[in-house]
Every structure is written in structure tokens, then in C-alpha cells.
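The values are calculated or read from the model by the stated rules, or taken from the named source; none is laboratory data. As the structure is a prediction and not an experimental result, all values here were calculated from the model. Every residue, glycine among them, receives a Cβ derived from its backbone with ideal geometry; neighbour counts consider all protein chains shown.
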Amino acid sequence: MDGRAVRWKRHNDDRRKRIVDAAIGLIETDGVNVSLQAIGQAAGLSRSVVYRHFADRRELDLAIQADILDGLWAKLFPAMELTGSIRQIISRTVGAYVNWALEHPLLHQVADVDTAPNGTGPLQQGLDRIAERIKELILAAFELTGVEVSEIDKKAVDPLIYGLIGMVFGAVRRWVHLGEGIPDAEHLTSVVTEAVLAMIDTRTTAYGLSIDHDQPLEELLG
């Protein structure tokens, strides 16, 4: 790619970002149903210029959702670092999500829909990353503790993790939808954290494991 092509690509990327940023700003202030004309005006561009950078409205909506989710993942993934106890990790992660949703209820509404066919959109891709990280931890715990787990049970980890993630997202989705702020974010985080721990306990008990939720993970897996 020559210098002119690089500059042109940078120009197009900047324009796309300008359009997406304008759309997100409008969603935060005016609601989720923002028109293409309003987005163009907020970006200082005509409707025809917007369409020059996006094939259609669906492509623009996907770009908006992807950018919103990038902001959410930037909060969630650092919180999921394997430092502290299991309770602290779960509470930290759930709290990051709950507080982001509280601060950005309209962005949450846009983010919480898989807009691509066959579950290939930005939301599902991010959930897959979360699930994979949790699955790696669980399978490593099985190996390090020497627990005998059948291949069938190992395979069952995947749908169970997605069920757990779905429970968390469903609880927060409903809380945001109600819009009452009751319970408050701290209390909701605590309730959801305890629910996740209860689900984990159900499975670990089945394998004869008793896990101290407040024991540092380094000690637990050491």
C-alpha cells in the first residue's frame, strides 16, 4: 500500500469513527432510535457521505454496536484478571458490568442485541471470549485438583458457562429495563455474585470439592 492509499485509508477510518461517535452520542442523549440524517448532522456530514462509508444502515448499526461493546469489554476483561479470591473476581466482574449498565442504560439496550445472523455479531463474539476465559479456569481447576471428571462432564462445562453468563446478563437486562434503581448497583452486584457462587458450588460439590470462596485463587490452584 503506497503513501496515498495509506492516507486515504486513514481518512476513511477517521470518517467512520466520526460517524460512529456521533451516533453513540445521540443514543446517549436522544434514545436508541436515531435517524441517519440526525447522525450525519451530528457528524457534520451529509447523508450521502455517511452511506459512502457504510454499505447500509445495518452495517452502520453493527459498527455502532461493536464500538459500544468495545467500551464494555474494556471494563470487564481487566476485572476478570485472576487475582484475589473467587468471590472477589466474580464481584469485581459483575460490579463492572452493573455499573457500566447503570451509567449507560441506552447504550446497554443497543449492545444487548445480537444484530448479526447466526450469532456472529459483536455481542456473541464478546460473550464467546468471556466464556472461553471461564472455561479455561474451570478445566485448569479440574486438572490441578486431581478431580476425575468424565469427558461428557467436561463437554457439559461449555453450555453451563453460557447459562451462567446468560443469567448474569438477563438479571442486569431486567434491572436496567425496570429503570427504578432498586436494588441499587451495589446490592444487585452482591445478589448476582452470590447466585453465581451458588451455581459454582452446585457443580463442585458434585465432584466432591469444597471451595472456599474467600481463599486467594493463587493458593486455591497452587
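Looking only at the range 37-47, which residues are assigned to a loop (DSSP other than H, G, I, E, B) and surrounded by 13 or more Cβ atoms within 10 Å (Cβ to Cβ)?
LEU45
So ILE161 fits all but one of (1) at pLDDT below 95; (2) over 17 Å from the mean Cα position of the chain (by Cα); (3) among the hydrophobic types (A, V, I, L, M, F, W, C); what number is the exception?
(2)
Considering LEU106, LEU102, LEU72, which residue is within 21 Å of GLY170 (Cα to Cα), in the same structural domain as ALA185 (by TED's automatic domain parsing), in contact with a Phe, Trp or Tyr (Cβ under 6 Å, 6 or more places away or on another chain) and in contact (Cβ under 8 Å) with a residue 12 or more places away in the chain?
One residue alone meets the criteria, LEU72.
Test each condition in (1) among the aliphatic types (A, V, I, L, M); (2) at pLDDT below 90; (3) surrounded by 12 or more Cβ atoms within 10 Å (Cβ to Cβ) for ALA131 and report the one that comes out false.
(2)
Identify, from the list VAL50, VAL34, the residue that is out of contact with any Ser or Thr (no Cβ under 9 Å at 6 or more places or on another chain) and part of a helix (DSSP H, G or I).
VAL50
Name every residue in the range 78-97 that is in contact (Cβ under 8 Å) with a residue 24 or more places away in the chain and closer than 28 Å to LYS17 by Cβ, in order of residue number.
Across the range 78-97, the qualifying residues are MET80, TYR97.
Between a first residue in the range 27-55 that is farther than 16 Å from GLN65 by Cα and a second residue that is assigned to a loop (DSSP other than H, G, I, E, B) and among the polar types (S, T, N, Q), which pairs have beta carbons less than 8 Å apart while being 6 or more apart in sequence or on different chains?
Every condition considered, the pairs that remain are GLY40/SER46.
How many of the residues in the range 53-107 are assigned to a loop (DSSP other than H, G, I, E, B) and farther than 22 Å from ASN12 by Cβ?
Selection size over the range 53-107: 6.
Is it the case that the range 147-158 has a residue that's touching a residue at least 60 places away in the same chain (Cβ under 8 Å), surrounded by fewer than 16 Cβ atoms within 10 Å (Cβ to Cβ) and of a type outside the set (Lys, Arg)?
Looking for residues that are touching a residue at least 60 places away in the same chain (Cβ under 8 Å), surrounded by fewer than 16 Cβ atoms within 10 Å (Cβ to Cβ) and of a type outside the set (Lys, Arg), one finds at least one in the range 147-158, hence yes.
Just checking, which of ARG129, ARG203 is touching a residue at least 24 places away in the same chain (Cβ under 8 Å), among the basic types (Lys, Arg) and under 15 Å from ILE90 (Cβ atoms)?
Of the residues listed, the single one that is touching a residue at least 24 places away in the same chain (Cβ under 8 Å), among the basic types (Lys, Arg) and under 15 Å from ILE90 (Cβ atoms) is ARG203.
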